[in-house]
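*Asks:* I am attaching a structure below and will ask some questions about it afterwards.
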Amino acid sequence: MSQYSFDNNEKLIHHLQAGDVECFQYIFNELVEPLTAFIYTYTHDEALAEDIVQHSFMKLWEKRTFLDPQGSLKTFLFTITHNRFIDLYRKDKKQVYLTDTIYIETVLETEELNEENLKPRLEQIDKAIENLPQKCREVFLLKRENNLKNKEIAEYLEISIKTVEYHISRGLRIIRQQVLVWLILIIPSFFN
């Protein structure tokens, strides 16, 4: 049984404020699915919903020292998740597209960009791309490096456009997860 519980919200927030990575992992594991389901009702796009939720968890970690111990952690996460959706929706009312650029900006937005702190993060993204499943990596690289449209990739690989979209979404999801873990566990000072 876990030492963490939403029944004791104040204690949970204190652990989080102290930089307890296991506490953060507990919160993530408990709320990632409900938050994704919640935001999916707005986006109707699984990859976008997952991106928004992961961005929200990054914000939680970044803002953890400012949390009110008397406030509700669940309410905070649902609010920042909803606000992130609203921000993206305002940028493009017709459809919000998840791109490498948006993702990289999300990963890097909490620090000033310079050669020294940009290079290791971009290397980590490249490493995550290398570790994608073969077909997923092939589709992802055709999109990213050759700048092909989904239809062109589908014709080239003789697969459906839906399969191309699936592989791109899956690739972005895997990359986000690997980079998020790297940021939190390997360079925790990134969030301080």
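The values are calculated or read from the model by the stated rules, or taken from the named source; none is laboratory data. What you see is a predicted model, and the numbers here were worked out from it, not measured in a lab. Note that we place each Cβ from the backbone using ideal geometry, even for glycine, and neighbour counts take in every protein chain shown.
*Asks:* Pull out all pairs, ordered by first then second residue, where Cβ-Cβ is under 6 Å, the residues are six or more apart or on different chains, the first lies in region 1-26 and is closer than 15 Å to Leu77 by Cβ, and the second is in a loop (DSSP other than H, G, I, E, B).
*Replies:* Between residues of region 1-26 that are closer than 15 Å to Leu77 by Cβ and residues that are in a loop (DSSP other than H, G, I, E, B), the close pairs are Leu12/Tyr4; Ile13/Leu67; Ile13/Pro69; Cys23/Tyr4; Tyr26/Ser2; Tyr26/Tyr4.
*Asks:* Just wondering, is there one or more residues in region 22-43 that are outside the structural domain of Gln178 (by TED's automatic domain parsing) and in a loop (DSSP other than H, G, I, E, B)?
*Replies:* no
*Asks:* Moving on. Does Lys151 qualify as being loosely packed, with under 14 Cβ neighbours inside 10 Å, under 30 Å from Glu33 (Cβ atoms) and not assigned by TED's automatic domain parsing to the domain that holds Val53?
*Replies:* no
*Asks:* Continuing with the same structure: Going by what's in this entry, would Ala37 be described as aliphatic (A, V, I, L, M) and surrounded by fewer than 18 Cβ atoms within 10 Å (Cβ to Cβ)?
*Replies:* It is true that Ala37 is aliphatic (A, V, I, L, M) and surrounded by fewer than 18 Cβ atoms within 10 Å (Cβ to Cβ).
*Asks:* Would you check if Val32 is closer than 17 Å to Ser5 by Cα and within 15 Å of the chain's Cα centre (by Cα)? Working first, answer last.
*Replies:* Values: closer than 17 Å to Ser5 by Cα: yes; within 15 Å of the chain's Cα centre (by Cα): yes.
Yes: the conditions hold for Val32.
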